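Comments concern the structure below.
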Amino acid sequence: MKLLSSLLLATSIALLPTTPAFAVKPTEAKQVKMQKLSINKASIDQLTQLPGIGESKAKAIVEHRNKQGPFKSVEQLKEVKGIGDKVFAKLEGKITL
């Protein structure tokens, strides 16, 4: 009986694929990355998708952009009322010009 169990186990193991079908290669794990949002082109709705940006801050960003012209650096976003160092830190890596 032990011999039969051992043979069944060995056969089962031998028939298993060497790489499980559900395994994800590390390079494929983060294949879909969030694109950076352009603060010079984004709409109010798009800006509200950013962390720390609600409708009023999004409107302030668009208003600042309309009055002052396009942002010349992402750091210039701190000139917008309500966007300080803490909010800007949440946005780093998620925004672009």
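The values are calculated or read from the model by the stated rules, or taken from the named source; none is laboratory data. In this text, all values refer to a predicted model and were calculated from it rather than measured experimentally. Positions of Cβ are generated from backbone atoms using ideal geometry, with glycine treated the same way; all protein chains shown enter the neighbour counts. In case anyone asks, the SASA skips ligands and DNA or RNA and just uses the protein heavy atoms, side chains included. Shrake-Rupley method; radii C 1.70, N 1.55, O 1.52, S 1.80 Å.
Regarding G93, is this residue modelled with pLDDT under 95, on the phi > 0 side of the Ramachandran plot and open to solvent by 50 Å² or more (accessible area, probe 1.4 Å)?
In short, yes.
Return the residues of region 70-93 that are assigned to a helix (DSSP H, G or I) and more than 11 Å from I53 (Cβ to Cβ); say none if nothing qualifies.
Within region 70-93, V74, E75, Q76, K78, E79, D85, K86, A89 meet the criteria.
So E28 clears everything in (1) more than 24 Å from the chain's Cα centre (by Cα); (2) modelled with pLDDT under 95 except one condition, right? Which one?
E28 satisfies every listed condition except (1).
Within region 32-58, take every residue that is part of a helix (DSSP H, G or I) and farther than 19 Å from K86 by Cα and give me the one that is least open to solvent (accessible area, probe 1.4 Å).
Restricting to residues being part of a helix (DSSP H, G or I) and farther than 19 Å from K86 by Cα, the top hit is I44.
Whether any residue in region 2-11 is on the phi < 0 side of the Ramachandran plot and either modelled with pLDDT of 95 or more or assigned to a loop (DSSP other than H, G, I, E, B) (or both) is what I want to check.
Scanning region 2-11, I find no residue that is on the phi < 0 side of the Ramachandran plot and either modelled with pLDDT of 95 or more or assigned to a loop (DSSP other than H, G, I, E, B) (or both), so the answer is no.
If you go through region 61-77 one residue at a time, how many are surrounded by 13 or more Cβ atoms within 10 Å (Cβ to Cβ) and of a type in the set (K, R)?
Number of matching residues: 1.
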